[in-house]
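> For reference, the structure I am asking about is given below.
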Ligand SMILES: NC(=O)c1ccc[n+]([C@@H]2O[C@H](COP(=O)([O-])OP(=O)(O)OC[C@H]3O[C@@H](n4cnc5c(N)ncnc54)[C@H](O)[C@@H]3O)[C@@H](O)[C@H]2O)c1
């Protein structure tokens, strides 16, 4: 088995999209994986997709918008595997609206799932990472941790805040060999993106414009994000902490204004 066999991980949002691809990759490389998700059917399917003949994976249903759930799922992961040294916070929701269109209820919903759950899961996990002699936490941000789509204020704010969470936790826990990083994907072909497409009267135009927006000429597959998350969790990233890695097909490198040459 690869060096991933020393990883015992918890993956929030692990039933779908980027979280699922990460669970599959880590499990395939020998890690123990706890999938945490609010969607029970999808969670069961995700678990089944791993094969899991040697019981290196579990599914823990949880609504991470509820603050008390973080302690429970971390405790259940440790109860199942005896330890924890890797955390991926991929649970997230997309909601739309500018400042005037954003109710306090919607704002709170987005913050609870996208930001507060990452804090609470990390806080519950840290004592176990410490006990293990260190570990790695990856928050799933977005290119919208750096820049803003129109009309997505709560989402954009939550994703920007994950950078603060990343840097602050990295600074506070590096001496204990706990690394904290953020992965910032461009557009990824997941159920979340397909839902966004479906809000448009012409879904295919959303897909085409997203492809064109990325200099690489297409959107990402979830597995391409999972590879970078897996790197950050591994000992290969032993000197990487407090940073954000953009996995964005070049979208943040692009500025308009010149004629198209290819
Ligand atoms: N798809 C993209 O283009 C894209 C781009 C940049 C960043 N992201 C981020 O990547 C992460 C994963 O997104 P995805 O595209 O894989 O989406 P997805 O919808 O496929 O997966 C997200 C998962 O989070 C789970 N989840 C949502 N609310 C939850 C809650 N309250 N408790 C527990 N689980 C909950 C969902 O059930 C789902 O399984 C998100 O944080 C998202 O913001 C996605």
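The values are calculated or read from the model by the stated rules, or taken from the named source; none is laboratory data. All values derive from a computational prediction rather than experimental measurement. Counting neighbours? That spans all protein chains shown, and the Cβs are built from the backbone with ideal geometry, glycine included.
> Report yes if residue 96 is over 26 Å from residue 61 (Cβ atoms) and either surrounded by fewer than 16 Cβ atoms within 10 Å (Cβ to Cβ) or touching a residue at least 40 places away in the same chain (Cβ under 8 Å) (or both), otherwise no.
Details: over 26 Å from residue 61 (Cβ atoms): yes; either surrounded by fewer than 16 Cβ atoms within 10 Å (Cβ to Cβ) or touching a residue at least 40 places away in the same chain (Cβ under 8 Å) (or both): yes.
Judged against the criteria, residue 96 is a match.
> Filter region 107-165 down to residues that are more than 26 Å from residue 176 (Cβ to Cβ) and more than 14 Å from the ligand (Cβ to nearest atom) and give me whichever is surrounded by the fewest Cβ atoms within 10 Å (Cβ to Cβ).
Restricting to residues being more than 26 Å from residue 176 (Cβ to Cβ) and more than 14 Å from the ligand (Cβ to nearest atom), the top hit is 150.
> Kindly list the number of the only condition in (1) more than 20 Å from residue 221 (Cα to Cα); (2) surrounded by fewer than 23 Cβ atoms within 10 Å (Cβ to Cβ); (3) touching a strand residue (DSSP E or B) at 6+ places or on another chain (Cβ under 6 Å) that fails for residue 39.
(3)
> Follow-up. Among residues belonging to region 50-63 that are surrounded by 15 or more Cβ atoms within 10 Å (Cβ to Cβ) and closer than 16 Å to residue 22 by Cβ, point out the one that is farthest from the ligand (Cβ to nearest atom).
56
> Restricting the search to region 69-85, which residues are touching a helix residue (DSSP H, G or I) at 6+ places or on another chain (Cβ under 9 Å) and part of a helix (DSSP H, G or I)? If you could, list the steps in order and put the result at the bottom.
As a first pass, look at region 69-85 and keep what is touching a helix residue (DSSP H, G or I) at 6+ places or on another chain (Cβ under 9 Å): 69-75, 77-78, 83-85.
Residues satisfying the conditions are 69, 70, 71, 72, 73, 74, 75, 77, 78.
> Scan region 37-47 and give yes if some residue there is part of a strand (DSSP E or B), modelled with pLDDT of 95 or more and within 14 Å of the ligand (Cβ to nearest atom), otherwise no.
Going residue by residue through region 37-47, those that are part of a strand (DSSP E or B) are 37.
Keeping just the survivors that are modelled with pLDDT of 95 or more gives 37.
Next cut, within 14 Å of the ligand (Cβ to nearest atom) only: 37.
For region 37-47, residues part of a strand (DSSP E or B), modelled with pLDDT of 95 or more and within 14 Å of the ligand (Cβ to nearest atom): present.
> Got at least one residue in region 77-87 being within 13 Å of residue 12 (Cα to Cα), more than 16 Å from the ligand (Cβ to nearest atom) and either modelled with pLDDT of 95 or more or touching a strand residue (DSSP E or B) at 6+ places or on another chain (Cβ under 6 Å) (or both)? Step through it out loud before you land on a result.
Filtering region 77-87 down to residues within 13 Å of residue 12 (Cα to Cα) leaves 77, 86-87.
Then drop every residue that is not more than 16 Å from the ligand (Cβ to nearest atom), which leaves 86.
Of the ones still in play, those that are also either modelled with pLDDT of 95 or more or touching a strand residue (DSSP E or B) at 6+ places or on another chain (Cβ under 6 Å) (or both) are 86.
Scanning region 77-87 turns up at least one residue that is within 13 Å of residue 12 (Cα to Cα), more than 16 Å from the ligand (Cβ to nearest atom) and either modelled with pLDDT of 95 or more or touching a strand residue (DSSP E or B) at 6+ places or on another chain (Cβ under 6 Å) (or both).
> Can you pull out every residue in region 217-241 that is over 25 Å from residue 207 (Cβ atoms) and buried (at least 18 other Cβ atoms within 10 Å of the Cβ)? Spell out how you get there, then give the answer.
Initial filter on region 217-241 (over 25 Å from residue 207 (Cβ atoms)): 230-241.
Passing the criteria: 230, 232, 233, 234, 237, 241.
> Quick test for you: out of 216, 229, 178, pick the one residue that is touching a helix residue (DSSP H, G or I) at 6+ places or on another chain (Cβ under 6 Å) and either within 15 Å of the ligand (Cβ to nearest atom) or farther than 14 Å from residue 87 by Cα (or both). Step through it out loud before you land on a result.
Values: 216 fails: touching a helix residue (DSSP H, G or I) at 6+ places or on another chain (Cβ under 6 Å); 178 fails: either within 15 Å of the ligand (Cβ to nearest atom) or farther than 14 Å from residue 87 by Cα (or both).
Of the residues listed, the single one that is touching a helix residue (DSSP H, G or I) at 6+ places or on another chain (Cβ under 6 Å) and either within 15 Å of the ligand (Cβ to nearest atom) or farther than 14 Å from residue 87 by Cα (or both) is 229.
> Given (1) touching a helix residue (DSSP H, G or I) at 6+ places or on another chain (Cβ under 9 Å); (2) under 28 Å from residue 177 (Cβ atoms); (3) more than 15 Å from the ligand (Cβ to nearest atom), where does residue 98 come up short, assuming only one miss?
Result: residue 98 passes all but (2).
> Looking only at region 242-262, filter to residues that are under 21 Å from the mean Cα position of the chain (by Cα) and part of a helix (DSSP H, G or I); which one of those is surrounded by the fewest Cβ atoms within 10 Å (Cβ to Cβ)?
Filtering region 242-262 down to residues under 21 Å from the mean Cα position of the chain (by Cα) leaves 242-252.
Right, trim to part of a helix (DSSP H, G or I) and you get 251-252.
Numbers: 251: 18, 252: 15.
That would be 252.
> Which residue is surrounded by the fewest Cβ atoms within 10 Å (Cβ to Cβ), if the candidates are limited to region 1-17 and must be more than 11 Å from residue 34 (Cβ to Cβ) and either away from the ligand (no atom under 16 Å from the Cβ) or modelled with pLDDT under 95 (or both)? If you could, list the steps in order and put the result at the bottom.
First, pick out the residues of region 1-17 that are more than 11 Å from residue 34 (Cβ to Cβ): 1-7, 13, 15-17.
Filter once more, so that each one left must be either away from the ligand (no atom under 16 Å from the Cβ) or modelled with pLDDT under 95 (or both): 1-7.
On the way: 1: 8, 2: 12, 3: 12, 4: 20, 5: 12, 6: 16, 7: 24.
It comes out as 1.
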